[in-house]
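J.: This structure is in structure tokens; I'll ask about it shortly.
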Amino acid sequence: MSDDAAQNWVLPHAGKRVALGVTGGIAAYKAAEILRGLQRAGCIVRVAMTEHATRLIAPLTFRALSGTHVVVDDYAPDNPDPIAHITFSQTVDLFLVAPATANIIAKFAHGIADDFLTTTYLASTAPVVVAPAMNTTMWQHPTTERNLAVLRADGVHIIEPDAGEMACGTIGPGRLSEPDKIVAATLALLDTKSNDLTGERILLTAGATREEIDPVRFLSNRSSGRMGSALAQVARARGAEVTLVAGVMSVDVPAGVRVVRALSAAEMHAAVMRELDRATVFIGAAAVADYRPAKRADQKLKKSGTTLTLTLEPTPDILAAVADARRDGLLVIGFAAESEHVVEHARAKLTRKNLDAIVANDITRTDAGFDTETNSITLLTRDRATPLELPLMSKRNAAEHILDEIARLRQQQTAQAVK
Ligand code: CTP
């Protein structure tokens, strides 16, 4: 690459400043990979470590990688900045702690500021991302759950740990989320125009449902869950708390999103109704089966040589049930997958199901709708006579537009309430 070309080649996150806090978990070594991932995207990363972390990985590693002094103790004689906890915390665009131990989570939740990292947390106004890593028992301990709930309520973004084999040999949730996932979640947050959805608690369904015929067979559909996953990721990055009720999904669930698994329409209906009380927005992005076998056979059906007739019965309409149970302020958004008269059918669904907005897809297009990377959507809302027809775009961008519309509907609702 010529010098000119190199100068013109701007990385997407060039100049974004990230403070990376490393605490004393076995996964501390993975923080080096996270640091490199952020740097590859153009971020300037400064590192702070707890005393315990330095016993697992030397500060020199991070100093070599970041090119700057690593702060462990701001009272240390070699610290070049005597008020580092203030300068450090107030000059960053984002504060990421990975791995975060149960201890640091507890300290953050209770405002204990007894070292550099904890003082920095209190002194920071930047968005905070915490990627916990700990033994499964510690992760599932009611104390940790309580502390995490406090952090979530304080607006901290939690990147849920993965389930898998732990350093201690046990198998279960608690292992640090993959470094590339942590980097992606951090970059997504840095991308955000603003935290305009902070305070919203979005309940979202995504993926396909699976309706069992017998122990080995089921009825399902081609939905991959991509659109729902993109919505969850963007909503999280814009500050919303997201609960994803996930059917069968062939894509990863984004980091920082709470997941409730529900395979059949009935399970999804029950999960949504259970979660609905806390929600301020409901988005039905799942491709829910409209019908299920009237009876699931307990044993595998044997072929008989003649035809087999399946009797199907309707499933509960989750979206309509949510709209019926609507409390003041809840925004309800549906999807409409249509093969003809897209806008007319979507408009009818918007009215019939009593929705605030509906996202219409033309499923006859091969580059939009089910199991594609891109989407071409038309947005219809109660308050607008003209549908908003959007060109073909990535599902991530489509998610941004849908959430823009939700933010607009909320603003409008708030303005009306004030009048
Ligand atoms: N939906 C739901 N529960 C169902 C069926 C659908 O919550 N049992 C939701 C979907 O998540 C989507 C919307 O309803 O948001 C669109 O459903 P769709 O099946 O297209 O609408 P119907 O009213 O069933 O109309 P039709 O099948 O005749 O097009």
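The values are calculated or read from the model by the stated rules, or taken from the named source; none is laboratory data. What you see is a predicted model, and the numbers here were worked out from it, not measured in a lab. Positions of Cβ are generated from backbone atoms using ideal geometry, with glycine treated the same way; all protein chains shown enter the neighbour counts. Only protein heavy atoms, including side chains, enter the accessible area calculation; ligands, DNA and RNA are left aside. Shrake-Rupley method; radii C 1.70, N 1.55, O 1.52, S 1.80 Å.
J.: Could you please let me know if residue 37 is among the small types (Gly, Ala, Ser), assigned to a loop (DSSP other than H, G, I, E, B), under 26 Å from the mean Cα position of the chain (by Cα) and surrounded by fewer than 24 Cβ atoms within 10 Å (Cβ to Cβ)? Step through it out loud before you land on a result.
T.: Values: among the small types (Gly, Ala, Ser): yes; assigned to a loop (DSSP other than H, G, I, E, B): no; under 26 Å from the mean Cα position of the chain (by Cα): yes; surrounded by fewer than 24 Cβ atoms within 10 Å (Cβ to Cβ): yes.
Here the answer is no, as residue 37 does not meet what is asked.
J.: All but one of (1) free of Cβ contacts under 8 Å to residues at least 40 places away in the same chain; (2) assigned to a helix (DSSP H, G or I); (3) open to solvent by 10 Å² or more (accessible area, probe 1.4 Å) hold for residue 323; which doesn't?
T.: (3)
J.: State whether one or more residues within the stretch 330-342 are buried (at least 17 other Cβ atoms within 10 Å of the Cβ) and over 26 Å from residue 236 (Cα atoms).
T.: Yes, the conditions are met somewhere in the stretch 330-342.
J.: Further question on the same structure: Across the stretch 378-397, what is the total count of residues that are in contact with a Leu (Cβ under 9 Å, 6 or more places away or on another chain), open to solvent by less than 60 Å² (accessible area, probe 1.4 Å) and farther than 15 Å from residue 346 by Cβ?
T.: 1
J.: Oh, and also: Any residue in the stretch 354-373 that's modelled with pLDDT under 95 and in a loop (DSSP other than H, G, I, E, B): show its pairings with residues that are β-branched (Val, Ile, Thr) and within 12 Å of the ligand (Cβ to nearest atom) at Cβ separation under 7 Å, as long as the two are six or more apart or on different chains.
T.: Cβ pairs passing all conditions: 369/363; 370/363.
J.: If you don't mind, there's one more thing I want to ask. Taking the stretch 110-122, which residues are among the hydrophobic types (A, V, I, L, M, F, W, C) and open to solvent by 20 Å² or more (accessible area, probe 1.4 Å)? Show your work before the answer.
T.: Our first condition is that a residue be among the hydrophobic types (A, V, I, L, M, F, W, C); within the stretch 110-122, this holds for 112-113, 116-117, 122.
If the condition is that a residue be among the hydrophobic types (A, V, I, L, M, F, W, C) and open to solvent by 20 Å² or more (accessible area, probe 1.4 Å), then 112, 113, 122 are the ones that fit.
J.: Search the stretch 4-24 for residues being part of a loop (DSSP other than H, G, I, E, B) and at pLDDT 95 or above, and hand back the single one that is most open to solvent (accessible area, probe 1.4 Å). Outline the logic, then answer.
T.: Step one: of the stretch 4-24, the residues part of a loop (DSSP other than H, G, I, E, B) are 9-16, 23-24.
With at pLDDT 95 or above added as a condition, the list becomes 23-24.
Numbers: 23: 2, 24: 32 Å².
Only one residue fits best here, namely 24.
J.: Could you please tell me which pairs satisfy a Cβ distance under 7 Å, a separation of 6+ or placement on different chains, a first residue in the stretch 192-209 that is over 28 Å from residue 264 (Cβ atoms) and hydrophobic (A, V, I, L, M, F, W, C), and a second residue that is at pLDDT 85 or above and not in a loop (DSSP other than H, G, I, E, B)?
T.: 197/235; 197/403; 197/407
J.: To continue, here is another question. Out of (1) out of contact with any Leu (no Cβ under 6 Å at 6 or more places or on another chain); (2) surrounded by fewer than 18 Cβ atoms within 10 Å (Cβ to Cβ); (3) assigned to a loop (DSSP other than H, G, I, E, B), what's the single condition that is false for residue 42?
T.: If we test residue 42 against (1) out of contact with any Leu (no Cβ under 6 Å at 6 or more places or on another chain); (2) surrounded by fewer than 18 Cβ atoms within 10 Å (Cβ to Cβ); (3) assigned to a loop (DSSP other than H, G, I, E, B), just (1) comes out false.
J.: Being within 20 Å of the chain's Cα centre (by Cα), crowded, with 17+ Cβ neighbours inside 10 Å and within 21 Å of residue 238 (Cα to Cα) narrows it down to one of 403, 409, so name that one.
T.: Working: 409 fails: within 20 Å of the chain's Cα centre (by Cα).
None of the other options fit; the residue is 403.
J.: Quick one: residue 218 ticks every box in (1) over 20 Å from residue 276 (Cα atoms); (2) at pLDDT below 95 except a single one, so which number is it?
T.: The single condition residue 218 does not satisfy is (2).
J.: May I ask you to list the residues in the stretch 83-100 that are open to solvent by 10 Å² or more (accessible area, probe 1.4 Å) and in contact with an Asp or Glu (Cβ under 7 Å, 6 or more places away or on another chain)? Don't jump to the end; show me each part of the working.
T.: If we filter the stretch 83-100 for residues that are open to solvent by 10 Å² or more (accessible area, probe 1.4 Å), which is where we start, we get 83, 85-87, 90-93.
Correct list: 85, 87.
J.: Go through (1) under 25 Å from residue 184 (Cα atoms); (2) of a type outside the set (Lys, Arg); (3) out of contact with any Phe, Trp or Tyr (no Cβ under 8 Å at 6 or more places or on another chain) and name the single condition residue 130 misses.
T.: (3)
J.: Moving on to the next point. Among the residues of the stretch 322-348, what is the count of those that are out of contact with any Asp or Glu (no Cβ under 7 Å at 6 or more places or on another chain), among the small types (Gly, Ala, Ser) and more than 8 Å from the ligand (Cβ to nearest atom)? If you could, list the steps in order and put the result at the bottom.
T.: The first filter runs over the stretch 322-348 and keeps only residues out of contact with any Asp or Glu (no Cβ under 7 Å at 6 or more places or on another chain), leaving 322-330, 334-337, 339-341, 343-344, 347-348.
Then keep just the ones that are among the small types (Gly, Ala, Ser); that gives 323, 325, 329, 334, 336-337, 339, 348.
Among the residues that remain, those that are also more than 8 Å from the ligand (Cβ to nearest atom) are: 323, 325, 329, 339, 348.
Adding up the residues that qualify gives 5.
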